[in-house]
Amino acid sequence: MAGDGEGAAAFAVAKAEWLAGSGGLPLLRWWRASGGGELLRGWDAVRAGAVAPALAAVSGACLAMSAMLLAEAVFMAAASLVRRRPERRYSAGPLGAQDGEDEDEERGLLGYPMVLVQIPMYNEREVYKLSIGAACGLSWPSDRVIVQVLDDSTDPTIKDLVELECKIWAKKGKNVKYEVRNNREGYKAGALKEGMLHAYVQQCDFLAVFDADFQPEPDFLMRTIPYLSRNPQIALVQARWEFVNPNECLMTRIQKMTLDYHFKVEQEAGSSTFAFFGFNGTAGVWRISAIKEAGGWDDRTTVEDMDLAVRAGLKGWKFVYVGDVKVKSELPSNLKAYRRQQHRWTCGAANLFRKMGAEILLTKEVSLWWKLYLLYSFFLVRKVVAHVVPFVLYCVVIPFSVLIPEIKIPAWGVVYIPTAITILYAVRNPSSIHFIPFWILFENVMSFHRTKATFIGLLELGSVNEWVVTEKLGSVSNTKPVPQILEKPRCRFWDRWTVSELLFAVFLFVCATYNLVYGSDFYFIYIYLQAITFIIVGTGFCGTSNS
C-alpha cells in the first residue's frame with residue numbers, strides 16, 4: 001500500500017510539472033482571477049451539499065448490488081460444476097427399450113408419441129428453407145410428427161416461397177401444415193397460441209418449438225422426448241444453442257461468450273438445483289398438457305417463453321436442461337438487430353417481474369425456497385441488477401467520482417469484485433479468454449441500452465411491448481451467405497449512428513481528461529477505453545453493415 005501511495009504522489013507531481021511547463025497553471029490562475037473563482041465556490045457548495053451525498057448513495061447501492069452479483073455468480077458456478085448429468089437424475093432410456101417393456105406398454109409409452117413441431121416465421125427469406133428442411137429431417141416416424149409452419153409474413157413473395165417449400169416437403173411424404181393469420185396480434189406468442197387451436201393438435205402429446213433460424217439435428221427428438229415420456233413430472237426439456245457464425249465478427253464472438261455462459265452456468269445451475277430455468281423460446285420440447293395447465297401462450301410481454309415457464313413452474317412442473325443436445329442457430333451480426341433483440345429480452349423480463357411478482361409471492365403450490373429463488377435470484381439479480389450495475393457503477397459513478405473528490409469508491413468495489421466475476425466468466429470460456437477485455441467494454445456499452453430497457457419494463461413505459469423480429473442473414477460457418485432471390489437495401493453510413501452513445505462518449509472523454517490532468521489515480525485509462533468503445537458502437541463500426 002505504501003508503494004501505491006508513493007506512486008500516486010509521484011504521478012501527481014509529474015502532472016503538476018507538465019501543467020506548469022505547458023502553461024496550464026498560469027491559464028488556470030488567470031481564469032480564477034477573472035471571476036471563475038466565484039463559479040468554483042458556487043459549484044463547491046452545490047457539490048458538497050447535494051451532488052456528493054446523492055452520488056454517494058448511488059455508489060453505496062451499486063456496491064451492495066455488486067456484492068449480490070458476486071454471490072450469485074459463485075452460487076451458480078458451484079451449482080453448475082457439481083451438477084449431476086440429466087440422464088443420471090431422470091430415466092431417459094430409448095423409447096421401446098427391452099428393460100421394463102411391459103411397464104412401458106401399460107403406461108402407453110412403448111413406441112413413439114405424437115409430436116407437434118412449431119416453426120413461427122415472419123418474412124424469413126434467408127432461413128425458411130433451412131428451418132423447414134431441418135424439422136422435416138427429424139428422425140421420427142412420419143405418421144407420429146406434424147410440422148406446423150406458422151407464417152406471419154407480410155411480404156407476399158416470401159409467403160409464396162414458404163408455402164411452396166411446405167408443399168415440396170408434403171409431396172415427399174412429410175406431414176407439413178402451412179398456417180397463416182389475418183393479423184400479427186400478439187406477434188410470436190399470438191402465432192403459437194393460434195397454432196395450438198387447430199383440431200389436429202389435439203392428437204399430439206408433446207410440442208417442439210424452433211425459431212426460423214434454428215436447425216435441429218435429426219436425432220433431436222430421439223434424445224429429448226424420452227425425458228418427457230418416462231418422467232411425468234417434467235414439463236420442458238431445453239437443448240443448448242450452437243452457432244453457425246460465431247467468428248463472423250468481434251460482436252458475434254462476444255455474443256457467443258455471453259450465451260455460452262448463460263447455457264453452461266445459468267441454465268445448468270437452474271436445472272440441477274430447483275429444476276427450473278427460463279425457457280429460451282426455441283430448441284425446447286414441452287409437454288402439451290403442462291402448457292394447457294399453465295394457461296397457454298400469453299402475449300402480455302415480449303418474453304412469452306419466460307412467461308410460460310414461470311407459470312408452469314408455479315404449478316409444480318419440473319424442467320430439464322440437456323447441454324449435450326445442441327441446435328444450430330444464427331447470431332445477429334448487425335448492431336441494430338442485436339440492440340433490438342436485447343431490448344426485447346431485457347424489457348420483457350423486467351416487465352414480467354412487475355406483472356408476476358405478487359403472484360409468485362402469494363402462490364401456495366411451491367415452497368418458500370423456490371419462491372425466494374425465483375424472486376431474488378432469477379428475477380431481481382439476473383434480470384434487473386445484472387443489467388443496471390455495469391452501466392450505473394462503471395459508466396456513471398466511477399467517471400463522476402473523478403469530478404467529485406468527496407466520493408471515494410473502495411478498491412474492492414472497483415477492482416476485486418469485477419475481477420472475480422470476470423474470472424468466473426472466463427473459466428467457462430477458456431478458448432475465448434483473450435477476448436475478455438473487449439467483452440467487458442462492449443457489455444458495458446450494451447448495459448446502457450439494457451438499463452434503459454429494464455426501467456421501461458419495470459415502469460411499463462411507452463415501448464414496453466415493442467417487438468422487432470431479429471434479422472437473419474442465413475449465415476453458415478466459414479462460408480458466404482447463399483445468394484437470395486430478394487436483394488437487401490444498402491445501409492447508409494449516417495443510419496448507423498446513435499446519438500445517445502456519442503453524447504455519452506463525450507461525457508466520458510471529459511471525465512477521463514479531467515482525471516488525467518487533476519486526479520491522483522489511474523481511472524482515466526479505463527474511462528478513455530470505455531469512451532472509445534462508446535464511439536465505435538455509436539458510429540456503427542461494430543458488427544456487419546447488412547440491413
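Within region 111-167, the set of residues being among the hydrophobic types (A, V, I, L, M, F, W, C), part of a helix (DSSP H, G or I), touching a residue at least 60 places away in the same chain (Cβ under 8 Å) and open to solvent by less than 10 Å² (accessible area, probe 1.4 Å) comprises A135, I158.
Every listed requirement among (1) within 17 Å of the chain's Cα centre (by Cα); (2) of a type in the set (F, W, Y); (3) open to solvent by less than 20 Å² (accessible area, probe 1.4 Å) is met by F243 save one, (3). On the stretch given as region 36-53, residues that are β-branched (V, I, T) and at pLDDT 80 or above total 1.
Among the residues of region 203-224, is any open to solvent by less than 50 Å² (accessible area, probe 1.4 Å), of a type in the set (D, E, K, R) and either at pLDDT 95 or above or not in a helix (DSSP H, G or I) (or both)?
Checking region 203-224: at least one residue is open to solvent by less than 50 Å² (accessible area, probe 1.4 Å), of a type in the set (D, E, K, R) and either at pLDDT 95 or above or not in a helix (DSSP H, G or I) (or both).
Checked against the criterion of being out of contact with any strand residue (DSSP E or B) (no Cβ under 8 Å at 6 or more places or on another chain) and outside any helix (DSSP H, G or I), the candidates K364, K371, K355 yield just one match: K364.
Summed over region 410-420, residues that are in contact with a Ser or Thr (Cβ under 8 Å, 6 or more places away or on another chain) and open to solvent by 20 Å² or more (accessible area, probe 1.4 Å) total 1.
Checking the stated criteria, T282 turns out not to satisfy the condition of being open to solvent by 10 Å² or more (accessible area, probe 1.4 Å), modelled with pLDDT of 95 or more and closer than 20 Å to F214 by Cα.
Looking at region 338-348, can you tell me whether even one residue there is within 17 Å of the chain's Cα centre (by Cα), open to solvent by less than 10 Å² (accessible area, probe 1.4 Å), polar (S, T, N, Q) and farther than 30 Å from F541 by Cα? No, region 338-348 has no match at all. Considering region 431-469 alone, what residues qualify as being closer than 23 Å to V381 by Cα and β-branched (V, I, T)? Answer for region 431-469, where residues must be closer than 23 Å to V381 by Cα and β-branched (V, I, T): I436, I440, V445, T451, T454, I456, V464. For region 518-538, filtered to residues that are closer than 17 Å to V396 by Cβ and among the hydroxyl-bearing types (S, T, Y), the residue that is surrounded by the fewest Cβ atoms within 10 Å (Cβ to Cβ) is Y528.
If you check F442, F455, F504, F448 for being open to solvent by 50 Å² or more (accessible area, probe 1.4 Å), touching a helix residue (DSSP H, G or I) at 6+ places or on another chain (Cβ under 8 Å), modelled with pLDDT of 95 or more and of a type in the set (F, W, Y), only one passes: F455. Residue pairs whose Cβ atoms lie under 6 Å apart, separated by 6 or more positions or on different chains, with the first residue in region 378-407 and in contact (Cβ under 8 Å) with a residue 60 or more places away in the chain and assigned to a helix (DSSP H, G or I) and the second open to solvent by 10 Å² or more (accessible area, probe 1.4 Å) and among the acidic types (D, E), are V381/E72. The condition (being modelled with pLDDT of 95 or more and either open to solvent by less than 60 Å² (accessible area, probe 1.4 Å) or touching a Leu at 6+ places or on another chain (Cβ under 6 Å) (or both)) is satisfied by just one residue among G195, G186: G195.
The values are calculated or read from the model by the stated rules, or taken from the named source; none is laboratory data. Computed from a prediction, not measured in an experiment: that's the story for all the values here. Every residue, glycine among them, receives a Cβ derived from its backbone with ideal geometry; neighbour counts consider all protein chains shown. Note: accessible area is taken over every heavy atom of the protein model, side chains too, but ligands, DNA and RNA are not part of it. Shrake-Rupley method; radii C 1.70, N 1.55, O 1.52, S 1.80 Å.
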